[in-house]
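Below: one structure, written as structure tokens.
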Amino acid sequence: MGARLLLPNSPYALPTGAFLCTLSPHLRPIFKSQGAPSPSFLSPPTLVLTSMAATGYLVHFTAPEFYNELKDNTLTRFGKLTSCGFLGTAIISIVMMSFGYLTFGGSCAGMILNNYSTQDVGAAVCRFFTAFSLIGTYPFMFGGLRSAFFQLAYDGT
């Protein structure tokens, strides 16, 4: 994403970018002139962004399991590791959102990869890794579901 933004001959640069003709008109870069009204904070795209940002932090229910499995598990060490993990996730998210917004402006889709051309090999690689990441998080979710089920089914018997 950064290369698509920062390269001088970016395939998404207005008005002659190589991939612009492959994008739907509503996905092409739009940059409003000064004085144009900004979208509402509670607009649907903002709410989509908020819900997507929240999914990056959904494994909180597995924290006790991670703490118990941590080598030298002290609360101080666990707090430092957790803080580093959340900070790293926040930085990566902010950088990627910034690259997407600076490339496409006001036409950013809720999933920024939808703005990129289907013919863009770099975007296809990013789509693959996004799918891999989503699939890879299911074991964490299932682990939490399994733990909750066993607690409900066998607790107190």
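Miscellaneous remarks
- Counting only DSSP H runs of at least 4 residues, each contributing -39500 (n - 2.57), and dividing by the residue count of the chain, the helix-based mean residue ellipticity at 222 nm comes to -19000 deg cm²/dmol.
- The residues of the chain expose on average 72 square angstrom of accessible surface per residue, using a 1.4 Å probe on protein heavy atoms.
- The Cα atoms of the chain cover 68, 33, 32 Å along the three principal axes, with the biggest extent listed first.
- Using Cβ point charges alone (K and R +1, D and E -1), the dipole size of the chain about the Cα centre works out to roughly 340 debye.
- Listed residues 48, 149, 76: farthest to the positive end of the dipole of the chain (Cβ charges): 48
- Sorted largest first by accessible area at a 1.4 angstrom probe radius, with every protein chain in place, the residues 120, 72 fall in the order 72, 120.
- The stretch between residue 3 and residue 149, if pulled fully straight at 0.36 nm per residue, gains 48.0 nm over its current Cα-Cα span.
The values are calculated or read from the model by the stated rules, or taken from the named source; none is laboratory data. This one's a predicted model, so the numbers in the text were calculated from it and none came from an experiment. Neighbour counts run over all protein chains shown; Cβ positions are idealised from the backbone, glycine included. The accessibility values were calculated without ligands, DNA or RNA, using every heavy atom of the protein model including side chains. Shrake-Rupley method; radii C 1.70, N 1.55, O 1.52, S 1.80 Å.
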